[in-house]
Amino acid sequence: MYNWNTATEKLRQNDDVWKVLRQQRKKRFDAILLTLSKIIFRLQLIKSGYHFHRRTSEIVEMEWEELFSKESPDVLLDLRAIFEIHDTDKSGMISCDEVKTIADDLGCHVSPGALQQLTSFMDVNRNGHIDFKEFATAMMFPADEGDELVNSLEQLFQFFDEDNSGVVDRKELLLRLERLGFDAESIEHLLQDITGSSRGGLDRKQFTQYFRSVLVNATP
């Protein structure tokens, strides 16, 4: 039987390989921040009263193709993971109630009217359910918001800072990232790489600086 603990220990002893793995983990965290910020940005637009244009199946197909040409694969994979986490009945589609759960989980509590508008915008084929392609294009297109994503920063920080302490600690990061593939050890390494310490956390200033650097690095 393959011994994963032994294999992991061997990787740790190989500094070059271990550095690559840690870099990949940090890259994954960056992608998650981008994905969440894009979703929050869309939800904030809905809350502010912004009215999206009505889409057709042809428009969705064009947006889908453009997403693949412009967006990071890591971001799309994380978006898929978020979709599947909230697809509670594993039908491959999400309902209006499940869209509301996504918004609530991110702290973007939308009114019933705004929720109806959002789900109507997503549900292009009007079958009462939203598939991943409809969800992805509604939440991520266009893929070049640029500096506008900074507007989602405060809500993104609050999403992680569950106890409103002003610091996102290890437990809070694990709480939010565990379902996306992170464990306690990877969180410690992530904090070590970002802040220089695996025992502390990210305060608002550090989080803001880091998120801005992620946006800069994501700009083509």
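The values are calculated or read from the model by the stated rules, or taken from the named source; none is laboratory data. The structure displayed is predicted, hence computed values, not measured ones. No Cβ is skipped: glycine too gets one built from the backbone with ideal geometry, and neighbour counts run over all protein chains shown.
Residue count for segment 157-188, restricted to those that are acidic (D, E) and under 17 Å from R204 (Cα atoms): 5. Count of segment 51-60 residues, restricted to those that are assigned to a helix (DSSP H, G or I), exposed (fewer than 13 other Cβ atoms within 10 Å of the Cβ) and of a type outside the set (S, T, Y), is 1.
Filter segment 68-81 for residues that are assigned to a helix (DSSP H, G or I) and touching a residue at least 60 places away in the same chain (Cβ under 8 Å) and give the result. Break it down stepwise before answering.
Residues of segment 68-81 assigned to a helix (DSSP H, G or I): 68-70, 73-81.
Within segment 68-81, K70, V75, L76, D78, L79, A81 meet the criteria.
Here's the yes/no breakdown for (1) touching a Phe, Trp or Tyr at 6+ places or on another chain (Cβ under 6 Å); (2) farther than 29 Å from S186 by Cα:
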position: K27; (1), (2): no, no
position: I39; (1), (2): no, no
position: K70; (1), (2): no, no
position: A81; (1), (2): no, no
position: K90; (1), (2): no, no
position: L106; (1), (2): yes, no
position: V110; (1), (2): no, yes
position: L118; (1), (2): no, yes
position: V124; (1), (2): no, yes
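When E172 is tested against (1) modelled with pLDDT of 85 or more; (2) of a type outside the set (A, V, I, L, M); (3) out of contact with any Gly (no Cβ under 8 Å at 6 or more places or on another chain), just one condition goes unmet, and that condition is (3).
Total residues in segment 183-219 satisfying the condition of being without any contact (Cβ under 8 Å) to a residue 60 or more places away in the chain and either out of contact with any strand residue (DSSP E or B) (no Cβ under 9 Å at 6 or more places or on another chain) or not aromatic (F, W, Y) (or both): the figure is 23. Just one of the numbered conditions (1) polar (S, T, N, Q); (2) touching a residue at least 60 places away in the same chain (Cβ under 8 Å); (3) part of a loop (DSSP other than H, G, I, E, B) is not true of T88: (2).
Taken over segment 122-141, the criterion of being in contact (Cβ under 8 Å) with a residue 60 or more places away in the chain and more than 15 Å from the chain's Cα centre (by Cα) is satisfied by V124, N125, K133, E134.
When the residues of segment 134-149 are filtered to those that are assigned to a helix (DSSP H, G or I) and surrounded by fewer than 16 Cβ atoms within 10 Å (Cβ to Cβ), which remaining residue is modelled with the highest pLDDT? Here the answer is E148.
Only residues that are under 18 Å from the mean Cα position of the chain (by Cα) and either part of a helix (DSSP H, G or I) or at negative phi (or both): list them for segment 105-121, please. Even if it seems obvious, please write down each step before you answer.
We begin by selecting, within segment 105-121, every residue under 18 Å from the mean Cα position of the chain (by Cα); these are 105-109.
Hits for segment 105-121 are D105, L106, C108, H109.
In segment 37-59, the residues that are at negative phi reach residues that are buried (at least 20 other Cβ atoms within 10 Å of the Cβ) and polar (S, T, N, Q) with C-beta atoms within less than 6 angstrom, at least six apart or across chains, in these pairs: S37/S152; I40/S152; F41/S152.
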